[in-house]
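The values are calculated or read from the model by the stated rules, or taken from the named source; none is laboratory data. This is a predicted model, so every value here is computed, not measured. Neighbour counts are summed over all protein chains in view; Cβ atoms, including those assigned to glycine, are modelled from backbone coordinates with ideal geometry.
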Amino acid sequence: MNRRYLPSITAMQCFESAARHLSFTRASVELNLTQSAVSKQVAQLESILEHLLFIRVRKRLQLTPEGSLYLTEVRKILTQVEMSTRYMQSYGGQSEVLNITTLPTFGARWLIPRLKGYRLRHPNVYLNISNKTDPFDFDEEHVDVAFFFGQGSWPKAECVKLLDDEMVPVCSPSILPEQGIQDPLDLVKLVLLQHSKRPEAWHDWFDGQNCYTRHSYHGPRFDTFYMSLRAARSCCGVALVPKFLAQDELESGQLVIPCAFSLNSSNAYYLAFPEHKAELTKVKNFIEWILEHR
């Protein structure tokens with residue numbers, strides 16, 4: 001594409017700010033530009049796009065349908081430019097950034113407690129940790145290490161097994177009947193808390209004990225184990241969760257296991273890293289630390 005058809009970052013910043021404030025004046029203050037400069041940048045964008053981005057209704061600035069559509073794309077572009085710039089800046093000086101992704105509850109409950117002391121051993125490495133639940137491409141996301149749940153395979157990556165998956169039911173002791181749970185099917189009366197990523201979990205748990213209930217898929221549905229645990233603590237019902245994620249609540253007595261049967265999965269929790277980064281010192285040191293503290 002001919003360069004003259006490519007808008008500048010400044011023009012997109014002016015448009016995004018004006019669209020957010022619905023005001024050229026406020027955008028000019030935010031960007032430390034004159035109002036006429038902001039207006040000129042937006043006008044240049046409209047000329048390139050051959051579409052109006054704003055109209056004035058009763059002297060108020062409003063986005064056109066084309067403007068709303070373009071705003072979504074511009075925000076993606078500006079976010080990516082900022083992320084890419086910060087990523088490259090991280091390689092300056094003597095410091096390095098290790099980009100890590102993890103499952104939300106696994107990261108909060110298992111990973112973070114194991115990072116204590118890491119900074120003292122590796123003072124020049126900064127950990128950048130984010131949550132991801134869906135598969136992704138290591139190269140496209142600039143990720144160095146990922147924690148995931150699955151079969152232990154990842155394209156163009158090496159995987160290290162960390163933990164097996166043992167699912168147990170947990171609930172607040174205050175919702176249990178005085179006589180306790182005599183039969184697994186009694187749990188249905190307490191409300192089964194469902195996990196959206198593992199819709200078959202309760203069905204498989206009952207099936208493992210040769211029990212059947214048409215209610216195994218019924219109950220409030222949560223996106224993370226953290227929310228399931230919080231709901232169980234709040235007496236909303238019984239959650240089926242990996243036992244190690246509920247360890248703190250079980251030890252404190254906030255939660256109990258009402259029925260001893262556990263569901264073992266063929267999947268497990270793994271650490272993965274790109275094959276081409278296997279020899280990077282920052283990656284090798286982090287993996288060594290995790291294996292030492294698992």
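For the reader, a short list of remarks on this structure follows.
- Hits in region 149-208 - residues which are in a helix (DSSP H, G or I) and of a type outside the set (A, V, I, L, M, F, W, C): Pro173, Ser174, Pro184, Asp186, Lys189, His203, Asp204, Asp207
- Residue match in region 113-136 (condition: of a type in the set (Lys, Arg), within 25 Å of Leu263 (Cα to Cα) and in a loop (DSSP other than H, G, I, E, B)): yes
- Of residues in region 143-169 being more than 21 Å from Lys277 (Cα to Cα) and touching a helix residue (DSSP H, G or I) at 6+ places or on another chain (Cβ under 7 Å), the one surrounded by the fewest Cβ atoms within 10 Å (Cβ to Cβ): Glu166
- Test: residue in region 47-66 that is of a type in the set (Gly, Ala, Ser), surrounded by 12 or more Cβ atoms within 10 Å (Cβ to Cβ) and either over 30 Å from Val143 (Cβ atoms) or at pLDDT 95 or above (or both): no
- In region 56-72, residue nearest to the chain's Cα centre (by Cα) [restricted to those that are hydrophobic (A, V, I, L, M, F, W, C) and under 14 Å from Ser23 (Cβ atoms)]: Leu63
- Filter pass, Leu71 being surrounded by 10 or more Cβ atoms within 10 Å (Cβ to Cβ), part of a strand (DSSP E or B) and in contact with a strand residue (DSSP E or B) (Cβ under 7 Å, 6 or more places away or on another chain): no
- Given (1) crowded, with 18+ Cβ neighbours inside 10 Å; (2) over 12 Å from the mean Cα position of the chain (by Cα); (3) under 25 Å from Met83 (Cβ atoms), number of the condition Glu96 does not satisfy: (1)
- Of all residues in region 6-21, those satisfying the criterion of being under 31 Å from the mean Cα position of the chain (by Cα) and not basic (Lys, Arg) are Ile9, Thr10, Met12, Gln13, Cys14, Phe15, Glu16, Ser17, Ala18, Ala19, His21.
- Some residue of region 217-224 being touching a His at 6+ places or on another chain (Cβ under 7 Å), surrounded by 13 or more Cβ atoms within 10 Å (Cβ to Cβ) and not assigned by TED's automatic domain parsing to the domain that holds Ser252: no
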